[in-house]
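In what follows, a structure is listed as structure tokens, so that the remarks can point back to it.
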Amino acid sequence: MQKRLLIPALMLLAGTILHAQKQEPVAEVSLAYSSPQTFATDSKSTVFQGQFQCGDDGSIFFQGFETYSDDSGMFTLQSLSPAGRVIGFQAATAPGYGAYSSPFSTFVTKSRVYTLVTADKVDPMETSRKLGLSRFVLEYDYKGSFIKSIPIEAGPTVLAIAAFNSGDILLVAQEKYSKRVSLSLIDDSGSKRSDLNLFDKDYLGLIKGRDGASVPDAANYLKMMLADAQYVPYGENLLVVPINTMLPILELNEGGILRSVSLDLPKGGVIGSMLPTNGRDWMVMVGKTKNDVDTYSSDKSSATITTPEIQEFDPTDGQLIRKIEISKGLYTLCQRDGELLFLTTRVEDGRLQVVKGTFSR
């Protein structure tokens, strides 16, 4: 992906000055860990793709590689339940369609799980004849029960989905040639409800930098970040998290942008990912750019997670509250009710294990 520098040197200088002015030390805390809970998955494979997500009941959702009897395989949605069960989510094929893809995007709300897939439209009289490619959002409950298939109208390529607790689904789409990114809402039948026109001056004026000033080239910033962002549930709203940048986090409702918050990141730091949380504060895995020039780049190769540490921020102003040290070998999943959930594997056989971390007193 071509690098796009979205903020001028003046913004970088302002961020550096603010960083230098911050004198108060930040609290650093460690965790106490529970005994691991082991899950007997059907496969010993530990190959995953995409981001892990957590449900409101503590379930952990991920895409794992499922191997079939003929040694073929594909990535499928799976979950680890709090009761210790491994649940597989199977696509229920619609009449006239076949060859469903692995999920391109997954999103978990308080009670539902959504996946974005494609499927071949086939000739009912000659099933080997393909008539085109269609996109669907598949809806499940937490137990893996298929609820319904929601068709997406033909148009720009849908890159990602998110969902509100109301059942309305956010589509993040991109035009093939112009690369223009758009957001739209559909209801649970697939009917379009509205476009979120975030590129007018009213919405662009809500995007603020670390010093409270409007962000130059805010429209270009939006075009980049909407396509590559992490979408995180936040109460009844959504957070749009611009991973691998130090750009502001946006809070959206079904009408548009409510606000933007710039995090007090360390010099050269970028947002690696945000942990889904039902707590008050935002917890972020912070990455570091390979060099300072790439601080505002959208190039994913420019950022890597360098320390086993979570940084916790106040969502009202983006100020850093504390740093949380994480033991090596643990993959951070999410925060629930004051506990952090981590994934690891058992050395003997590669089985998945979940470990809980609580804050030391």
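The values are calculated or read from the model by the stated rules, or taken from the named source; none is laboratory data. The model shown is predicted, which means the values in this text are computed figures rather than measured ones. Neighbour counts are summed over all protein chains in view; Cβ atoms, including those assigned to glycine, are modelled from backbone coordinates with ideal geometry.
Of all the numbered requirements in (1) in a loop (DSSP other than H, G, I, E, B); (2) among the polar types (S, T, N, Q); (3) at pLDDT 80 or above; (4) over 30 Å from residue 278 (Cβ atoms), residue 118 misses one, and that requirement is (1). Step by step: first the residues of the range 225-237, then only those that are more than 17 Å from residue 173 (Cα to Cα) and in a strand (DSSP E or B), then the one that is farthest from the chain's Cα centre (by Cα). Which residue is that? Of everything passing the filter in the range 225-237, 237 is farthest from the chain's Cα centre (by Cα). Residues of the range 326-357 that are among the basic types (Lys, Arg) and closer than 15 Å to residue 30 by Cα: 328, 356. Restricting 231, 203 to residues that are under 19 Å from residue 270 (Cα atoms) and of a type in the set (Phe, Trp, Tyr) narrows the list to 231. As a summary of the residue check, residue 179 satisfies the conditions (1) within 16 Å of residue 226 (Cβ to Cβ); (2) in a strand (DSSP E or B); (3) of a type in the set (Lys, Arg) except for the one numbered (2). Scanning the range 307-341 for residues that are closer than 21 Å to residue 109 by Cα, in contact (Cβ under 8 Å) with a residue 24 or more places away in the chain, not basic (Lys, Arg) and not assigned by TED's automatic domain parsing to the domain that holds residue 250 yields 332, 333, 334, 335, 337, 338, 340, 341.
For first residues located in the range 99-117 and under 20 Å from residue 153 (Cα atoms), partners that are aromatic (Phe, Trp, Tyr) and part of a loop (DSSP other than H, G, I, E, B) and lie 6+ apart or on another chain with Cβ distances below 7 Å form the pairs 116/104; 117/100; 117/104. Entry remark, the range 88-111: residues being modelled with pLDDT of 90 or more and in a strand (DSSP E or B) number 4 in total.
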